[in-house]
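The values are calculated or read from the model by the stated rules, or taken from the named source; none is laboratory data. None of these values were measured; they are calculated from a predicted model. No Cβ is skipped: glycine too gets one built from the backbone with ideal geometry, and neighbour counts run over all protein chains shown. Areas reflect the complete protein model, heavy atoms only, side chains present, ligands, DNA and RNA absent. Shrake-Rupley method; radii C 1.70, N 1.55, O 1.52, S 1.80 Å.
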Amino acid sequence: MPPAPSFRVRRLWARTRPVLLPSASLLVFLLLWQLLAASGTWSETLVPPPAKVWDAFADVSTTHDGVRGYNGTYLVEHLGISLRRIAIGAGLGIVAGVLFGLLMGTVGWLRALFEPWITFLRTLPPLAYFSLLVIWLGINEEPKITLLAVAAFPPVAVSTTTAVAAVPRSLTEAARALGASRWNVVTDVVVPSALPETLTGIRLAVGVAYSSLVAAELVNGLPGIGGMVKDAANYNNTPVVLVGIITIGVSGLIIDGLLLRLERAVVPWRGRV
(Lines give C-alpha, C1' and ligand atoms only; values in the text may rest on other atoms or scores of the structure.)
Protein backbone atom coordinates (compact mmCIF):
# COMPACT_ATOMS: atom_id res chain seq x y z
CA MET A 1 0.00 0.00 0.00
CA PRO A 2 1.58 3.35 -1.01
CA PRO A 3 2.15 5.87 1.79
CA ALA A 4 -0.51 8.53 2.37
CA PRO A 5 0.07 11.94 0.73
CA SER A 6 0.36 13.61 4.14
CA PHE A 7 3.08 11.17 5.14
CA ARG A 8 5.00 11.83 1.92
CA VAL A 9 4.72 15.58 2.49
CA ARG A 10 6.02 15.26 6.06
CA ARG A 11 8.90 13.08 4.91
CA LEU A 12 9.77 15.52 2.12
CA TRP A 13 9.63 18.43 4.57
CA ALA A 14 11.89 16.60 7.03
CA ARG A 15 14.45 16.04 4.25
CA THR A 16 14.39 19.55 2.82
CA ARG A 17 13.94 21.54 6.05
CA PRO A 18 17.69 21.77 6.85
CA VAL A 19 18.19 23.50 3.48
CA LEU A 20 14.94 25.44 3.06
CA LEU A 21 14.88 27.18 6.44
CA PRO A 22 18.44 28.60 6.25
CA SER A 23 17.84 29.60 2.61
CA ALA A 24 14.61 31.37 3.54
CA SER A 25 16.29 33.20 6.43
CA LEU A 26 19.10 34.30 4.08
CA LEU A 27 16.59 35.66 1.55
CA VAL A 28 14.75 37.56 4.29
CA PHE A 29 18.05 38.99 5.55
CA LEU A 30 19.06 40.15 2.05
CA LEU A 31 15.63 41.71 1.52
CA LEU A 32 15.80 43.62 4.81
CA TRP A 33 19.36 44.70 4.00
CA GLN A 34 18.29 46.00 0.59
CA LEU A 35 15.32 47.86 2.08
CA LEU A 36 17.52 49.44 4.74
CA ALA A 37 20.11 50.53 2.16
CA ALA A 38 17.41 51.92 -0.14
CA SER A 39 15.65 53.81 2.64
CA GLY A 40 18.35 56.49 2.68
CA THR A 41 18.56 56.46 6.47
CA TRP A 42 22.33 56.04 6.19
CA SER A 43 24.67 56.82 3.33
CA GLU A 44 25.98 54.04 1.08
CA THR A 45 29.39 54.53 2.70
CA LEU A 46 27.93 53.22 5.95
CA VAL A 47 25.34 50.75 4.63
CA PRO A 48 26.13 49.74 1.04
CA PRO A 49 23.46 47.74 -0.80
CA PRO A 50 24.04 44.03 -1.42
CA ALA A 51 24.84 44.72 -5.09
CA LYS A 52 27.81 46.91 -4.14
CA VAL A 53 29.11 44.26 -1.77
CA TRP A 54 28.81 41.69 -4.56
CA ASP A 55 30.75 43.98 -6.89
CA ALA A 56 33.44 44.34 -4.21
CA PHE A 57 33.54 40.55 -3.87
CA ALA A 58 34.07 40.23 -7.63
CA ASP A 59 36.78 42.91 -7.57
CA VAL A 60 38.82 41.34 -4.75
CA SER A 61 38.44 37.87 -6.31
CA THR A 62 39.66 38.79 -9.81
CA THR A 63 41.98 41.12 -11.67
CA HIS A 64 40.18 44.36 -12.57
CA ASP A 65 41.56 47.52 -14.16
CA GLY A 66 45.04 46.05 -13.90
CA VAL A 67 44.68 45.52 -10.12
CA ARG A 68 45.05 41.98 -8.80
CA GLY A 69 42.47 41.35 -6.06
CA TYR A 70 42.99 43.52 -2.99
CA ASN A 71 46.48 44.87 -2.39
CA GLY A 72 47.81 42.55 -5.09
CA THR A 73 46.31 39.40 -3.54
CA TYR A 74 43.10 37.56 -4.40
CA LEU A 75 40.44 37.02 -1.74
CA VAL A 76 40.99 33.25 -1.73
CA GLU A 77 44.70 33.86 -1.13
CA HIS A 78 43.97 36.22 1.76
CA LEU A 79 41.70 33.56 3.23
CA GLY A 80 44.24 30.78 2.69
CA ILE A 81 46.97 32.70 4.52
CA SER A 82 44.64 33.41 7.44
CA LEU A 83 43.51 29.78 7.58
CA ARG A 84 47.14 28.69 7.71
CA ARG A 85 47.72 31.02 10.66
CA ILE A 86 44.64 29.65 12.41
CA ALA A 87 45.63 26.05 11.69
CA ILE A 88 49.09 26.53 13.19
CA GLY A 89 48.12 28.80 16.08
CA ALA A 90 44.88 27.08 17.08
CA GLY A 91 46.50 23.68 16.49
CA LEU A 92 49.27 24.47 18.97
CA GLY A 93 46.75 25.81 21.48
CA ILE A 94 44.51 22.76 21.11
CA VAL A 95 47.36 20.26 21.57
CA ALA A 96 48.60 22.13 24.65
CA GLY A 97 45.05 22.39 25.99
CA VAL A 98 44.39 18.66 25.65
CA LEU A 99 47.68 17.76 27.36
CA PHE A 100 47.15 20.24 30.20
CA GLY A 101 43.54 19.11 30.57
CA LEU A 102 44.56 15.46 30.91
CA LEU A 103 47.21 16.33 33.48
CA MET A 104 45.01 18.67 35.51
CA GLY A 105 42.08 16.27 35.40
CA THR A 106 44.12 13.37 36.76
CA VAL A 107 46.54 15.15 39.12
CA GLY A 108 44.73 17.24 41.70
CA TRP A 109 47.59 19.50 42.74
CA LEU A 110 48.33 20.41 39.11
CA ARG A 111 44.72 21.52 38.67
CA ALA A 112 44.91 23.65 41.82
CA LEU A 113 48.16 25.17 40.54
CA PHE A 114 47.23 25.97 36.94
CA GLU A 115 43.45 26.40 36.84
CA PRO A 116 43.44 29.99 38.20
CA TRP A 117 46.00 31.00 35.57
CA ILE A 118 43.99 29.42 32.77
CA THR A 119 40.85 31.15 34.00
CA PHE A 120 42.76 34.43 34.11
CA LEU A 121 43.94 33.86 30.55
CA ARG A 122 40.46 32.91 29.36
CA THR A 123 38.97 36.19 30.56
CA LEU A 124 41.51 38.38 28.75
CA PRO A 125 40.41 39.86 25.40
CA PRO A 126 43.00 39.29 22.64
CA LEU A 127 43.69 43.00 22.17
CA ALA A 128 44.70 43.24 25.81
CA TYR A 129 47.94 41.32 25.23
CA PHE A 130 48.50 41.51 21.47
CA SER A 131 50.49 44.74 21.76
CA LEU A 132 52.70 43.04 24.33
CA LEU A 133 53.25 40.11 21.97
CA VAL A 134 54.28 42.55 19.23
CA ILE A 135 56.81 44.14 21.59
CA TRP A 136 58.21 40.76 22.53
CA LEU A 137 58.05 38.92 19.19
CA GLY A 138 58.11 41.60 16.49
CA ILE A 139 55.62 42.23 13.70
CA ASN A 140 55.99 39.09 11.60
CA GLU A 141 54.14 35.79 12.00
CA GLU A 142 55.22 35.00 15.56
CA PRO A 143 52.83 37.33 17.46
CA LYS A 144 49.90 36.31 15.24
CA ILE A 145 50.47 32.59 15.75
CA THR A 146 51.04 33.10 19.47
CA LEU A 147 47.86 35.14 19.87
CA LEU A 148 45.76 32.48 18.16
CA ALA A 149 47.39 29.73 20.23
CA VAL A 150 46.79 31.61 23.48
CA ALA A 151 43.17 32.28 22.48
CA ALA A 152 42.51 28.62 21.60
CA PHE A 153 44.22 27.10 24.64
CA PRO A 154 41.79 27.85 27.54
CA PRO A 155 38.55 26.38 26.09
CA VAL A 156 40.21 23.05 25.36
CA ALA A 157 42.06 22.94 28.68
CA VAL A 158 38.93 23.73 30.70
CA SER A 159 36.65 21.30 28.84
CA THR A 160 39.20 18.48 28.94
CA THR A 161 39.92 19.03 32.65
CA THR A 162 36.22 18.99 33.49
CA ALA A 163 35.58 15.90 31.37
CA VAL A 164 38.51 13.96 32.83
CA ALA A 165 37.54 14.86 36.40
CA ALA A 166 33.97 13.70 35.70
CA VAL A 167 34.97 10.19 34.60
CA PRO A 168 33.17 7.80 37.00
CA ARG A 169 35.54 6.43 39.61
CA SER A 170 33.88 3.03 39.25
CA LEU A 171 35.19 2.75 35.67
CA THR A 172 38.80 3.48 36.61
CA GLU A 173 38.64 1.20 39.64
CA ALA A 174 37.17 -1.62 37.55
CA ALA A 175 39.96 -1.23 35.00
CA ARG A 176 42.61 -1.37 37.71
CA ALA A 177 40.94 -4.42 39.25
CA LEU A 178 41.26 -6.14 35.87
CA GLY A 179 45.00 -5.47 35.86
CA ALA A 180 45.20 -2.32 33.77
CA SER A 181 48.22 -0.11 34.33
CA ARG A 182 47.87 3.62 35.02
CA TRP A 183 48.70 4.36 31.39
CA ASN A 184 46.08 1.85 30.19
CA VAL A 185 43.49 3.41 32.46
CA VAL A 186 44.19 6.81 30.91
CA THR A 187 44.21 5.64 27.28
CA ASP A 188 41.41 3.04 27.47
CA VAL A 189 39.04 4.59 30.04
CA VAL A 190 39.75 8.26 30.72
CA VAL A 191 40.41 9.47 27.17
CA PRO A 192 37.35 7.78 25.56
CA SER A 193 35.11 9.05 28.37
CA ALA A 194 36.45 12.60 28.07
CA LEU A 195 36.57 12.66 24.28
CA PRO A 196 33.07 14.07 23.63
CA GLU A 197 33.60 17.12 25.86
CA THR A 198 37.14 17.55 24.55
CA LEU A 199 35.85 17.71 20.97
CA THR A 200 33.30 20.30 22.07
CA GLY A 201 36.15 22.30 23.57
CA ILE A 202 38.06 22.03 20.29
CA ARG A 203 35.08 23.44 18.40
CA LEU A 204 34.88 26.31 20.88
CA ALA A 205 38.63 26.89 20.56
CA VAL A 206 38.44 27.16 16.78
CA GLY A 207 35.58 29.62 17.16
CA VAL A 208 37.58 31.72 19.62
CA ALA A 209 40.57 31.66 17.26
CA TYR A 210 38.33 32.86 14.43
CA SER A 211 36.97 35.67 16.58
CA SER A 212 40.57 36.68 17.34
CA LEU A 213 41.63 36.63 13.68
CA VAL A 214 41.18 40.34 12.96
CA ALA A 215 42.99 41.21 16.20
CA ALA A 216 45.83 38.86 15.25
CA GLU A 217 46.22 40.59 11.89
CA LEU A 218 46.02 44.18 13.11
CA VAL A 219 49.77 44.64 12.65
CA ASN A 220 51.37 43.63 9.36
CA GLY A 221 48.32 41.50 8.59
CA LEU A 222 48.41 41.82 4.80
CA PRO A 223 48.08 39.47 3.10
CA GLY A 224 45.36 37.96 5.29
CA ILE A 225 41.58 38.24 5.49
CA GLY A 226 41.68 40.04 8.84
CA GLY A 227 44.38 42.39 7.58
CA MET A 228 42.25 43.09 4.50
CA VAL A 229 39.30 44.03 6.73
CA LYS A 230 41.47 46.30 8.85
CA ASP A 231 43.10 47.97 5.85
CA ALA A 232 39.77 48.51 4.08
CA ALA A 233 38.30 50.01 7.26
CA ASN A 234 41.13 52.56 7.33
CA TYR A 235 39.85 53.88 3.97
CA ASN A 236 36.12 53.58 4.81
CA ASN A 237 35.82 50.88 2.15
CA THR A 238 32.73 49.34 3.72
CA PRO A 239 31.92 46.90 0.87
CA VAL A 240 35.34 45.25 1.17
CA VAL A 241 35.01 45.20 4.96
CA LEU A 242 31.69 43.38 4.61
CA VAL A 243 33.18 40.98 2.06
CA GLY A 244 35.92 40.12 4.55
CA ILE A 245 33.49 39.71 7.46
CA ILE A 246 31.16 37.51 5.41
CA THR A 247 34.11 35.42 4.20
CA ILE A 248 35.33 34.88 7.75
CA GLY A 249 31.82 33.92 8.89
CA VAL A 250 31.09 31.54 6.03
CA SER A 251 34.46 29.81 6.25
CA GLY A 252 33.97 29.53 10.00
CA LEU A 253 30.58 27.89 9.48
CA ILE A 254 32.11 25.40 7.04
CA ILE A 255 34.95 24.50 9.39
CA ASP A 256 32.57 24.15 12.35
CA GLY A 257 30.37 21.87 10.25
CA LEU A 258 33.39 19.72 9.37
CA LEU A 259 34.37 19.53 13.04
CA LEU A 260 30.80 18.55 13.93
CA ARG A 261 30.89 15.75 11.35
CA LEU A 262 34.24 14.64 12.78
CA GLU A 263 32.73 14.61 16.26
CA ARG A 264 29.83 12.46 15.10
CA ALA A 265 32.23 10.05 13.41
CA VAL A 266 34.64 9.80 16.37
CA VAL A 267 32.04 9.65 19.15
CA PRO A 268 28.88 8.23 17.49
CA TRP A 269 27.55 7.15 20.88
CA ARG A 270 27.16 10.73 22.11
CA GLY A 271 23.55 11.53 22.95
CA ARG A 272 22.54 7.86 22.64
CA VAL A 273 23.64 6.53 25.99
request  = Output the number of residues of the stretch 133-158 satisfying the condition of being touching a residue at least 60 places away in the same chain (Cβ under 8 Å) and open to solvent by less than 50 Å² (accessible area, probe 1.4 Å).
outcome  = 12
query = Applying the selection to the stretch 27-69, what residues are more than 21 Å from residue 248 (Cβ to Cβ), assigned to a loop (DSSP other than H, G, I, E, B) and open to solvent by 60 Å² or more (accessible area, probe 1.4 Å)?
reply = 39, 41, 42, 43, 44, 45, 65, 66
remark   = Scanning the stretch 70-106 for residues that are under 25 Å from residue 144 (Cβ atoms), open to solvent by 70 Å² or more (accessible area, probe 1.4 Å) and part of a helix (DSSP H, G or I) gives 76, 84, 88, 92, 95, 99, 100
request  = Looking only at the stretch 7-19, decide whether some residue is modelled with pLDDT of 85 or more, in a helix (DSSP H, G or I) and over 24 Å from residue 253 (Cα atoms).
outcome  = no
message = Quick check on my filter: what residues within the stretch 133-170 are out of contact with any Asp or Glu (no Cβ under 6 Å at 6 or more places or on another chain), among the hydroxyl-bearing types (Ser, Thr, Tyr) and farther than 18 Å from residue 89 by Cβ?
response = 160, 161, 162, 170
key: Residue list for the stretch 215-232, restricted to those being open to solvent by less than 10 Å² (accessible area, probe 1.4 Å), assigned to a helix (DSSP H, G or I) and either at pLDDT 90 or above or of a type outside the set (A, V, I, L, M) (or both)   = 225, 226, 227, 228, 232
query = Looking at 264, 203, which one is under 15 Å from the mean Cα position of the chain (by Cα) and basic (Lys, Arg)?
reply = 203
message = I'd like to know if the stretch 112-120 contains one or more residues that are under 20 Å from residue 218 (Cβ atoms), among the acidic types (Asp, Glu) and either open to solvent by 60 Å² or more (accessible area, probe 1.4 Å) or in contact with a strand residue (DSSP E or B) (Cβ under 8 Å, 6 or more places away or on another chain) (or both).
response = no
inquiry  = For the stretch 100-111, check the following and say yes or no: at least one residue is of a type outside the set (A, V, I, L, M) and modelled with pLDDT of 90 or more.
reply    = yes
message = Going by what's in this entry, would residue 156 be described as closer than 17 Å to residue 126 by Cβ, part of a helix (DSSP H, G or I) and modelled with pLDDT of 90 or more?
response = yes
request  = Can you run down the residue pairs with Cβ atoms below 7 Å, 6 or more apart or on separate chains, where the first is in the stretch 107-132 and part of a helix (DSSP H, G or I) and the partner is at pLDDT below 90 and loosely packed, with under 11 Cβ neighbours inside 10 Å?
outcome  = none
Set 127, 133: member being hydrophobic (A, V, I, L, M, F, W, C), closer than 24 Å to residue 207 by Cα and at pLDDT below 90 = 127
inquiry  = Cβ-Cβ under 6 Å, sequence separation 6+ or interchain: first residue in the stretch 196-213 and open to solvent by less than 40 Å² (accessible area, probe 1.4 Å), partner outside any helix (DSSP H, G or I). Which pairs?
reply    = 196/267; 196/270
task = Select from the stretch 233-266 the residues that are free of Cβ contacts under 8 Å to residues at least 60 places away in the same chain and more than 22 Å from residue 77 (Cβ to Cβ) and write down the one among them that is surrounded by the fewest Cβ atoms within 10 Å (Cβ to Cβ).
result = 265
